[in-house]
Structure formats: structure tokens, C-alpha cells
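Asker: Can you read through this structure? Questions will come right after.
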Amino acid sequence: MEELQFWCLAQERLQESESENKLDGETASDSESKSEFGGSLPVPTSDDTPEVLNRALSNLSSRWKNWWVRGILTLAMITFFFIIIYLGPMVLMMIVMCVQIKCFHEIITIGYNVYHSYDLPWFRTLSWYFLLCVNYFFYGETVTDYFFTLVQREEPLRILSKYHRFISFALYLTGFCMFVLSLVKKHYRLQFYMFGWTHVTLLIVVTQSHLIIHNLFEGMIWFIVPISCVICNDIMAYMFGFFFGRTPLIKLSPKKTWEGFIGGFFATVLFGLLLSYVMSGYRCFTCPVEFNNDTNSFTVDCEPSELFQLQEYNIPLVLQSVVGWKTLRMYPFQIHSIALSTFASLIGPFGGFFASGFKRAFKIKDFANTIPGHGGIMDRFDCQYLMATFVNVYIASFIRGPNPSKLIQQFLTLRPDQQLHIFNTLKAHLVDKGMLGSLEDA
Amino acid sequence: MCACWRHCWCCWTRRAPSRPGGSLVVGRALSGCLLEMLHGAATAAASGLQHGSRVTEPDLIERLDDLDLRNDSDVPDVPPSIDSTPEILRRALSGLSARWKNWWIRGILTLAMISVFFLIIYMGSFMLMLLVLSIQVKCFHEIITIGYRVYHSYDLPWFRSLSWYFLLCVNYFFYGETVADYFGTFVQRREQLQFLIRYHRFISFALYLAGFCMFVLSLVKKHYRLQFYMFAWTHVTLLITVTQSHLVIQNLFEGMIWESVNCKLRQKEEHGRFLVPISSVICNDIAAYIFGFFFGRTPLIKLSPKKTWEGFIGGGISTVVFGFIFSYFLAQHQYFVCPVEYKSETNRFVTECEPLELFQMKKYSVPLLLRSVLGWETVNMYPFQMHSIALSTFASLIGPFGGFFASGFKRAFKIKDFADTIPGHGGIMDRFDCQYLMATFVHVYITSFIRGPNPSKLLKQLLVLQPEQQLNVYNTLKSHLVEKGILQPSLRG
């Protein structure tokens with residue numbers, strides 16, 4: 001109750017001192033809304049649109065110019081996205097790495113600005129060192145799974161993979177000890193803050209990118225469809241809000257509206273259905289990415305699983321009169337895509353609100369100025385934040401069981417008596433199920 | 001001096017050295033100054049409500065800016081802690097001087113804690129798990145309380161509930177997996193529990209998401225930064241306390257083998273691997289203190305002026321020796337190293353077994369250098385003792401860094417102790433700060449050097465596969481075993 005009272009008190013004060021708010025958080029909102037309402041405080045941002053665009057659009061008014069710049073950059077990013085998909089899994093993995101490093105850099109820089117700790121001894125080095133350690137740990141685990149035969153062949157790699165956890169932990173410990181030794185009197189608090197900031201950033205950025213790579217290895221479709229759904233939701237919510245927007249959604253982001261939210265939801269579900277229909281037909285998207293030991297490259301070739309084979313579904317009677325069809329041919333994957341798009345449109349925006357709150361809390365307009373018209377990389381990826389984890393958890397829970405080849409690899413590392421024990425148990429189980437029966441020499 | 005002297009630029013330039021982002025400082029100092037003046041006017045009208053321990057709004061903002069911009073020396077000290085020694089002890093020791101009194105209190109409490117420790121071990125694994133869980137919850141509570149004090153955010157809407165909710169979620173996620181293994185047979189019989197286990201990850205994630213969305217919805221204007229700080233503080237605390245406690249439990253319960261044939265659950269509660277690391281850290285603490293007390297001369301590190309090199313080295317050597325002897329003692333007694341058989345029919349524990357290779361005496365040839373010194377050619381040791389040397393070395397070399405980290409933390413936030421839970425010692429975190437890294441190290445050490453992946457988990461995953469996949473795996477395994485000569489090809493069945 002105390003909390004509620006305090007909260008109400010805060011609200012009263014807010015209404016009292018309404019005019020002062022302009023100095024506080026409102027400057028962080030988009031400059032476009034300011035120009036709509038005959039803006040009060042002009043926000044000084046450096047204009048880093050390329051010279052080419054500047055000259056081409058010099059005639060238009062500033063509002064339309066901004067719109068065009070954003071539009072062109074959006075198309076450029078989408079084209080870039082398609083090119084990378086075409087180039088294959090390896091390039092995709094590298095791009096995910098680069099995006100992750102850039103996001104980390106952006107958030108850490110904000111931390112430096114907030115705490116004025118740019119000159120702290122050792123700290124820049126330590127942050128990058130921790131990033132390296134955590135990446136080494138995560139990617140080492142992934143790599144050993146997927147490149148198993150390659151790793152087993154080369155002696156140094158084999159040792160690295162066998163003692164992988166120990167080595168990663170030792171590296172992390174070194175960083176930790178360096179941090180403790182670098183504590184300077186009078187700056188303890190600042191250093192602890194930056195330490196905490198670095199770790200939270202690592203938690204957010206690195207785990208997400210690692211999960212994205214996992215999803216990627218399940219099949220490129222598990223990577224493309226979720227990301228496209230989030231992007232589509234962003235764009236559709238913006239369009240619907242632009243044309244029909246009336247009721248504001250949440251105080252954090254004054255530009256978001258309920259019309260945009262709901263319209264975006266339906267549009268995204270539809271888009272997800274169509275996209276997955278198109279993609280399920282192609283093997284290169286639906287097959288798990290595997291590393292071919294002979295050619296030393298990635299291959300995507302397989303027998304499509306049940307999920308990607310057309311099936312007949314009976315339309316419920318209610319819809320039959322409306323649509324006029326008795327049955328519908330769909331991929332089972334499309335049903336899953338409905339779940340993915342629903343998540344992208346309902347919970348994805350919360351990631352965006354989180355980022356908006358973060359920007360208001362630290363009084364910044366954008367995370368960085370990397371992309372002209374859009375802001376930093378984090379600005380584009382804030383809604384993706386939760387999507388990667390969701391897809392990973394979804395796949396683990398509903399789609400697949402454990403990977404058989406991975407289990408075989410783990411089996412091979414056991415001791416002989418343990419191997420025998422497991423073998424016998426499995427045999428007994430199969431005999432029980434009647435799979436082996438009297439087949440002694442299967 | 002201007003009225004808002006802490007914020008104004010004119011007074012700041014005398015103190016703040018030039019740094020990048022200087023204009024940012026100026027802008028924020030100016031805005032802070034203006035803000036204070038305007039808020040002062042607004043709150044003068046509502047001053048009747050600002051009494052007692054309630055946090056006032058302009059107060060909040062002023063402290064927020066101050067926290068960010070000033071260095072440590074400006075932070076006000078927390079009022080000194082109250083004396084929480086029990087009445088009995090106080091009367092008994094009323095005769096002695098303050099210094100000896102303190103020493104006696106610490107000594108008595110140390111003995112009390114060690115006895116409780118052994119008592120709980122005697123009572124068995126389930127009590128141990130509960131103990132670890134309660135310690136973890138208390139540590140979490142202590143650190144979060146410090147965070148509230150630092151940020152004066154005790155009255156933030158929802159935040160206390162959210163912190164405890166996140167603790168619950170993360171614990172549910174981690175312990176769900178362990179509990180599923182521990183209570184395997186019990187769980188198999190219930191349908192609802194089966195459902196919970198199959199979709200465990202999804203349910204945990206959904207719970208976490210609910211908390212996340214609650215956080216976003218609870219963001220209040222003017223308190224964004226505070227709320228983000230507390231969010232981050234909660235997460236870092238969870239990272240530290242919950243993962244460590246989970247690894248401790250895993251160390252304790254590792255090596256469970258599920259025999260599906262007769263549905264018996266054999267648990268290898270290898271107390272040895274749980275006791276030796278924790279005892280090594282405790283021993284190192286005590287030995288370093290004693291050595292420092294009697295021989296201490298050269299200071300070790302500026303962070304903790306009471307620690308000395310003599311204490312460090314003396315403590316290190318005595319810990320290794322202690323670990324060596326203690327593990328010898330443990331390996332001899334079946335209770336500590338044998339699988340505890342839990343018979344679901346009689347619900348009783350029985351310890352009897354053929355000890356693992358690790359706990360069987362082996363002959364080691366003494367290196368030539370030591371041969372002349374000791375006069376023995378070979379020595380009978382348990383392999384476990386070699387591992388204990390590694391564990392004790394880590395406990396004495398790197399364990400103290402956990403202690404320095406905690407000391408730095410306490411200095412940064414100007415607190416003497418984490419809390420006042422244990423008289424004479426401080427909070428639970430004060431006792432467990434050196435254990436911080438030990439649990440992770442033991443877990444990593446065990447997985448890397450002592451055993452491979454958990455066979456029972458592998459078995460469970462195999463049984464979950466599709467029948468065709470199982471057949472394929474079976475054939476692959478068979479050919480592999482035959483190749484290695486483990487399985488005779490002529491053996492049918």
C-alpha cells in the first residue's frame with residue numbers, strides 16, 4: 001500500500017509540474033512528433049546522412065526528407081539482409097558476431113558516458129576481455145558440437161575441446177583477478193558499477209546472439225522467419241499507426257498507438273503464414289545446417305522432415321461456409337509460424353518499450369549514430385531481444401528432441417563400463433518395445 | 001557560493017578535471033540546478049507530506065545525479081550497525097576488555113557454525129539442499145537490501161515484489177532440473193509432474209517473461225533510471241548467488257545412475273567432493289587469520305589492510321596439508337564415498353558398496369628428490385588426495401580474491417558488513433564471500449578432470465528419442481563397441 005501511495009503521490013507531482021517535464025524526459029522522444037506539434041525544444045543531432053542523399057533530397061522539406069532517408073535506409077538494410085542469406089550460413093554467423101560486438105560496444109559506450117568513466121584505469125581493456133572470454137566459452141561449446149569430426153582429427157583442437165570449460169573458466173578468472181587488482185581508491189563504486197554494467201550487457205547481448213546461432217543451425221528458416229516477423233511487425237505497426245493511429249498505447253512511447261499494435265498483429269500473422277509457405281518449399285531453408293567433413297564446408301541437404309511436408313487439414317465447420325473449401329493444404333510449420341508471429345507482435349514490443357525506457361532513463365535519443373535516420377544497431381535490434389530466446393525455447397520444447405548425433409558424440413567420451421551399461425539399458429528398452437525382439441544380429 | 005553549489009557549473013569547474021563529454025557534464029549540471037530550483041518551488045507547497053522516512057522526489061533526483069557524478073568520498077556513511085550479540089553472551093563476557101570480548105564472540109560463533117555444518121551433513125542430503133537454498137535466499141536478500149539503501153529505492157513501486165519474483169523464477173528453472181533427477185521414480189508416477197518436466201524450459205521462460213513485462217509496465221516517469229539500476233542490480237545478484245548455489249548442489253548430487261530395470265534410484269552422494277572444497281576455504285580463512293595474527297607484518301593488498309603476506313602463505317600451506325589429511329580420513333569411511341541407496345519401498349538410506357577407483361588406495365612412487373628426504377620409495381595414497389591438493393591450492397590462492405572483491409564492494413558502498421545476521425561476523429555473505437568462486441571451480445574441475453558427461457542424463461535423452469532414431473543409435477553404438485573390443489561380437493543378448 002505504501003508503494004501505491006508513493007506512486008500516486010508521484011503522479012500528482014507530475015501533473016503539478018507538467019511544464020518542467022520538457023527539460024527532463026521528453027527531449028528523448030522522436031524529433032518527428034515535436035515537429036508535428038510545433039515542437040518546443042529542438043533536439044540538436046548531428047546530421048550524418050551521406051552527402052549523396054543530402055543533395056538529392058535538398059529540395060524537400062525537413063519532415064519528408066527524414067521520411068525518405070529512413071525509407072531508403074530501410075530498403076538498403078532489407079536488401080543487405082537478403083544478400084547475406086544468399087551467401088550462406090558461414091557469412092550469416094559472422095554477421096551475427098559483428099552485430100553482437102557492435103551492440104556491446106554501443107551499450108558500453110553509453111555506460112562510459114553515464115558514469116564519466118572513460119578514463120578509468122584498465123576498464124576498457126577489461127570489458128573487451130570479458131566479451132572475448134564469454135564468446136570463447138559459448139562458441140567453443142557450439143563449435144565442438146557441430147564440427148565434431150574436424151575437431152577430433154586435429155590434436156590441438158581436441159585438447160582444447162576436452163578441457164574447454166576449464167580453459168574458459170581460467171580465462172574468466174584471470175579477468176576477475178585483474179579487476180580486483182585494478183581497484184583504485186576513491187573510484188571503487190564507479191568500478192563496481194562498470195563491472196556490473198559489463199556483465200549485464202554480456203548477459204543480454206552474448207546469450208541472445210548465441211541462441212540465434214543455435215536457431216540458425218536448426219535450419220535457416222528458424223532464423224529468417226522470426227527476424228522477418230519482428231521487422232514486419234515494426235513496419236506494419238508504424239504504417240497502421242501513421243494512417244489510423246488515435247489511442248496512445250503506453251506512456252513510455254507516446255508514438256505507439258493501439259490501432260498500430262492491433263493492426264500490426266494481424267498483418268504480422270498473415271505475413272508469417274505467407275512467408276513460411278513460400279520458404280517451406282525450399283530445402284536450403286528447411287534443412288539443418290551441417291558441416292560436411294569431406295568438403296570442409298557447410299551443406300544444407302536432407303530429407304525434409306514431417307514439419308515441412310504438405311498436409312491436409314480439415315477446416316472447422318464455422319469457416320467452411322465462409323471460405324468455401326472443405327480441406328486446406330498447409331505445412332505444419334505454418335501453424336508454428338502463427339505462434340512465432342503472435343509472440344513477435346505481442347511480446348516483441350515489450351523489448352522495444354524496455355529500450356525506450358532505457359533511453360529515457362539515461363537521457364539519450366538513440367543508442368548511437370551508426371545508421372543514418374535510424375540510430376544505432378541496438379535501435380534496430382531491440383525488439384529482437386526476446387525473440388531469439390523464445391524461438392530457442394520453443395524449438396527445444398515443442399519441435400525436436402535431442403540430437404542423436406550429438407548423443408553419440410557424448411557417448412564416445414564416456415568410460416567403457418559406462419558405455420556398456422548404457423548400451424545394455426538401451427537394448428533392454430528396445431527389446432521391451434519390440435523393436436529388436438529376436439533380431440540378434442541387427 | 002551559489003545556492004545549488006553541488007550542481008552549478010561555476011563551482012564544478014574547480015573540482016572536475018577535463019574529460020571527454022565535458023559538455024554533457026555542463027548540460028546536466030545546469031539542468032540539474034534548474035530542476036532543483038523548480039522542484040523546490042513545487043514541493044514547498046506539498047511540504048506537509050514529506051516527513052519521516054519517506055523518500056521525497058527532489059531528494060531522489062538530487063541524489064541520483066550526485067551518485068553518478070561525484071566520487072566515493074562524497075557518499076554519506078551508513079550509520080554504524082547496532083550490537084546484536086545475544087544477551088547471554090554479553091553477560092558472560094562482561095568482564096573482559098572490548099578486544100578480547102570481540103575475539104571470544106567470534107570464536108564461539110565460529111565453533112557454533114562448524115557444529116551446525118557437521119550436524120546438517122549428518123542429517124543427510126535433503127537437509128543439505130535445504131540449507132544451501134536458505135543460504136542463497138539470505139545472501140540474495142542481503143545484497144538486494146544494500147542496493148535499496150544505496151539507491152534509496154525502498155519505496156519504488158513493485159520493486160521488492162519483482163526482485164523476489166525473479167529469484168523465484170530463476171530458482172524454479174535451475175532446481176526444476178535437479179529435482180526431476182532426484183525424485184525420478186516419484187515423478188514418473190504423477191501425470192501433472194510429467195507435464196511440468198517435459199515443458200520445463202518453456203514454463204520457466206514464460207514465468208520470466210511475465211516478470212519482464214511487469215517490470216516494463218511498472219516504469220514510472222522520473223524514476224526510470226533508478227528502476228533500471230535496481231533491475232540490473234537484481235540480475236547481477238541472481239547471477240552471483242543462484243548460479244553458485246546451483247553448482248554446489250550439482251557437485252553434491254552428481255553421478256546419479258538410474259537403473260530402469262528394477263527402478264531403483266542409486267544416488268552417489270559423494271560427500272567427499274562437497275566437504276573438501278568448503279572445508280578448505282574455511283580452513284584457509286581461519287589459518288590465514290591465525291598466521292596473520294601471530295606473524296603478520298607485510299601488508300598484502302591495499303584493499304584489505306588486515307591481510308598480510310605471512311598470513312597468505314602460511315594459510316596456503318596449512319590448507320593444503322589440511323586438505324590432504326582430511327581427504328585421507330574421508331576416503332577411509334564408506335559413509336562419505338559410497339552410493340547411498342534409496343529404496344523407494346522402505347524409504348530408507350543404506351550405505352554399502354565397492355568404492356570407486358578414486359577412493360582406492362594406490363601405490364605412488366615418490367619422486368627421486370623427495371626420496372632422500374622422506375626415506376620411502378613408494379607411498380600409499382588415494383587418488384582423491386591428489387585432487388584435494390588441487391582443490392586446496394585453488395582455495396588458498398584464488399579464494400581470497402573473492403574476499404577482496406567483497407571488501408572492495410563494501411568499501412565502494414561504505415558498509416562495514418553485509419548485514420548483522422551473525423553476531424561478531426556480519427552477514428551470511430561475509431562468511432561466504434570466499435566460497436564464491438570455489439563452487440564454480442569445483443564444478444569445472446570435476447567435469448574436466450574427474451568424470452565425463454553425466455551418463456544418466458545421456459540415457460534419459462536416448463530414451464526420449466523416436467524409435468527409429470533409437471534403433472539407429474543402437475546400431476552405431478554396437479558397431480563402435482565391437483570395434484573397440486568392449487563388446488564381443490559373438491555375444492548375443
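Asker: Applying 1/(1 + (r/R0)^6) with R0 = 35 Å to the Cβ-Cβ distance of B:ASN380 and B:LEU119, what FRET efficiency is obtained, to the nearest 0.05?
Answerer: The calculated FRET efficiency here is 0.60.
Asker: With a Förster radius of 60 Å, plug the Cβ-Cβ distance of B:ILE317 and A:PHE398 into 1/(1 + (r/R0)^6) and report the FRET value to the nearest 0.05.
Answerer: The computed FRET efficiency comes out at 0.60.
Asker: Let me ask something else about it. Show me you know the interface measure: the accessible area buried between A and B, both chains summed, probe 1.4 Å, in Å² to the nearest 100.
Answerer: The A and B chains share an interface burying roughly 10000 Å².
Asker: Ranked highest first by the average count of other Cβ atoms within 10 Å around their residues, in what order do A:64-77, B:434-447 fall?
Answerer: B:434-447, A:64-77
Asker: Please state, to two decimals, what the Cα-based radius of gyration of the range A:164-206 comes to when divided by 2.2 N^0.38 Å (N = residues).
Answerer: 1.32
Asker: Same structure again: Suppose the Debye formula is applied to equal point scatterers at every Cα of the range A:122-196; what is log10 I(q)/I(0) at q = 0.14, 0.15, 0.16, 0.27 Å⁻¹?
Answerer: Those come out to -0.54, -0.59, -0.64, -1.18, one per q.
Asker: Still on this structure, please answer the following. Would you mind checking the pairs A:LYS427/B:LYS478; A:LYS102/A:LYS256; A:LYS186/A:LYS359; B:LYS306/B:LYS414; A:LYS186/A:LYS363; A:LYS185/B:LYS410 and listing those with alpha carbons more than 19 angstrom apart?
Answerer: Violating the 19 Å limit, Cα to Cα: A:LYS102/A:LYS256; A:LYS186/A:LYS359; A:LYS186/A:LYS363.
Asker: From other protein chains only, count the Cβ atoms within 10 Å of every residue's Cβ in B:478-486, then give the mean.
Answerer: 3
Asker: Let me confirm one metric for peptide A:200-207, namely the mean number of other chain beta-carbon atoms within 10 Å of its residues' beta-carbons.
Answerer: The mean count of partner-chain Cβ atoms within 10 Å per residue comes to 2.
Asker: Take the eigenvalues of the Cα gyration tensor for the range A:205-282, scale each by 5, and report the square roots as semi-axes in whole Å, largest first.
Answerer: 28, 17, 6
Asker: Label B:MET127 and A:MET239 with points 7 Å out from Cα along Cα→Cβ: what is the distance between them in nm?
Answerer: Output for this residue pair reads 6.8 nm.
Asker: Hey, another quick one. What FRET efficiency comes out for B:ARG201 versus A:ILE335 if R0 is 30 angstrom and r is the Cβ-Cβ distance? Round to the nearest 0.05.
Answerer: 0.90
Asker: Please check which bits of the range B:292-308 a label hung off B:LYS416 would reach, taking the label as a point 7 Å along Cα-to-C-beta and the cut-off as backbone N under 17 Å.
Answerer: Residues B:305-306 fall inside that zone.
Asker: Also, quick follow-up: Could you work out how far apart the two model spin labels at A:PHE80 and A:ARG246 are, taking each label as a point 7 Å from the Cα in the direction of the beta carbon, and quote it in nm?
Answerer: Result for the modelled spin labels: 3.9 nm.
Asker: Need one number: convex hull volume per residue for the range A:298-426, Cα atoms only, in Å³.
Answerer: Convex hull of Cα atoms, per residue: 269 Å³.
Asker: Over all residues in B:403-415, what is the mean tally of Cβ atoms on other chains that come within 10 Å of each residue's Cβ?
Answerer: 4
Asker: Output the Kirkwood hydrodynamic radius of the range A:66-145, Cα pairs only, in Å rounded to one decimal.
Answerer: Roughly 15.4 Å, rounded to one decimal.
Asker: Here's something else I'd like to know. So what is the orientation-averaged projected area of the range A:189-342, using the convex hull of its C-alpha atoms, in nm²?
Answerer: Averaged projected hull area, Cα only: 14.8 nm².
The values are calculated or read from the model by the stated rules, or taken from the named source; none is laboratory data. Quick caveat: nothing in here was measured; it's all calculated off a predicted structure. FYI the Cβ positions are ideal-geometry reconstructions off the backbone, even for glycines, and counts take in every protein chain you see. With ligands, DNA and RNA removed, areas are computed over all heavy atoms of the protein, side chains included. Shrake-Rupley method; radii C 1.70, N 1.55, O 1.52, S 1.80 Å.
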